[in-house]
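Participant: Mind looking over this structure? Questions follow.
Nothing in this text is a laboratory measurement; each read-out follows from the coordinates by a stated rule. Please read all numbers here as calculations on a predicted model, not as lab measurements. Note that we place each Cβ from the backbone using ideal geometry, even for glycine, and neighbour counts take in every protein chain shown.
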Amino acid sequence: MIHYTLRCDKGHQFDGWFASSAAFDTQNERGLLTCPQCDSAKVQRALMAPAVVAGRDTRGAAPAATGEAQEREDTSAPAAGGPPPAPAAQPGEMALMDERGQKLRALIKAMHAAVKEYGVDVGTNFPEEARRIHYGEAEARGIYGQADLEEARALLEEGIDILPIPALPDEQN
């Protein structure tokens, strides 16, 4: 997966995760990327500083980084472009969120969709599989799954990049 910082023609910056540089180019050419703040479809990559990850184990390769993109082999949170429009309240249904809350919810839903589209669900084996990928024992690919707080902390302490994805309220009920 590749992480880009994107900027619209009005100067708003936001993040996007893509399967490849070509995937970004294709989506951008088709007008599928929009700014989550103003819905502008005129989006381009912003300049980015490379990320330096200290304390990596020598058995695992550090993620490659360039001025434009940072590839992450073991992260599980791709998100491609802006969120879809927030759903309007149905007749007889109360709107419980303001516009900003609806946009945030739509962004989280888009993140979930992208993770499921580009990642492999490894379920409760997430900590073990993340380690196998990090240490070169398994093919580098985007994965997602479950890890408790203690397991997540242990992964981070080992220098393994992970990103928790917030659950939506309707997934909790």
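Participant: Where does each of S40, S20 land when they are ranked from fewest to most other beta-carbon atoms within 10 angstrom?
Facilitator: Going from sparsest to densest Cβ surroundings: S20, S40.
Participant: What ³J(HN,Hα) values, in whole Hz, does the Karplus curve 6.51 cos²θ - 1.76 cosθ + 1.60 give for the stretch 150-160 when θ = phi - 60°, with x put for Gly and Pro?
Facilitator: Each residue of the stretch 150-160 in turn: 5, 5, 4, 4, 4, 4, 5, 5, 7, x, 8 Hz.
Participant: Just tell me which lysines come within less than 28 Å, Cα to Cα, of K116; anything on the same chain fewer than 8 places away is out.
Facilitator: K42, K103
Participant: D15's amide H: which non-local residues (gap 5+, or another chain) put their own amide H closer than 5 Å, with H modeled 1.01 Å from N in plane and none for Pro or chain starts?
Facilitator: Under 5 Å from the amide H of D15 lie the amide H atoms of L6, each far enough along the sequence or on another chain.
Participant: Each residue of the stretch 9-20 in order: what ³J(HN,Hα) in whole Hz does its phi give by Karplus 6.51 cos²θ - 1.76 cosθ + 1.60, θ = phi - 60°, with x for Gly and Pro?
Facilitator: 5, 9, x, 6, 10, 7, 9, x, 10, 9, 5, 6
Participant: In nm, what is the difference between 0.36 nm times the number of residues separating K109 and D148 and their Cα-Cα distance?
Facilitator: Roughly 11.9 nm would be gained on extension.
Participant: Mind sorting I143, I165 by how few other Cβ atoms lie within 10 Å of their own Cβ, fewest first? Let's see the in-between values first.
Facilitator: Working: I143 23, I165 14.
The fewest-first ordering by Cβ neighbours comes to I165, I143.
Participant: How far apart, in nanometres, would the label points at I165 and H12 be if each is projected 7 angstrom from Cα along the Cα-to-Cβ direction?
Facilitator: Result: 2.3 nm between the two label points.
Participant: Is any residue of the stretch 3-33 close enough, with backbone N under 16 Å, to a label point placed 7 angstrom from the Cα of E117 along the Cα-Cβ axis, and if so, which?
Facilitator: 3-4, 15-33
Participant: What is the calculated FRET efficiency for N125 to L32, with r their C-beta to C-beta distance and R₀ = 30 Å, to the nearest 0.05?
Facilitator: Working: r = 32 Å, r/R0 = 1.08.
For R0 = 30 Å, the calculated efficiency reads 0.40.
Participant: Let me ask another. For a footprinting-style exposure proxy, rank E151, E29, E137 by other Cβ within 10 Å, fewest first.
Facilitator: The fewest-first ordering by Cβ neighbours comes to E29, E137, E151.
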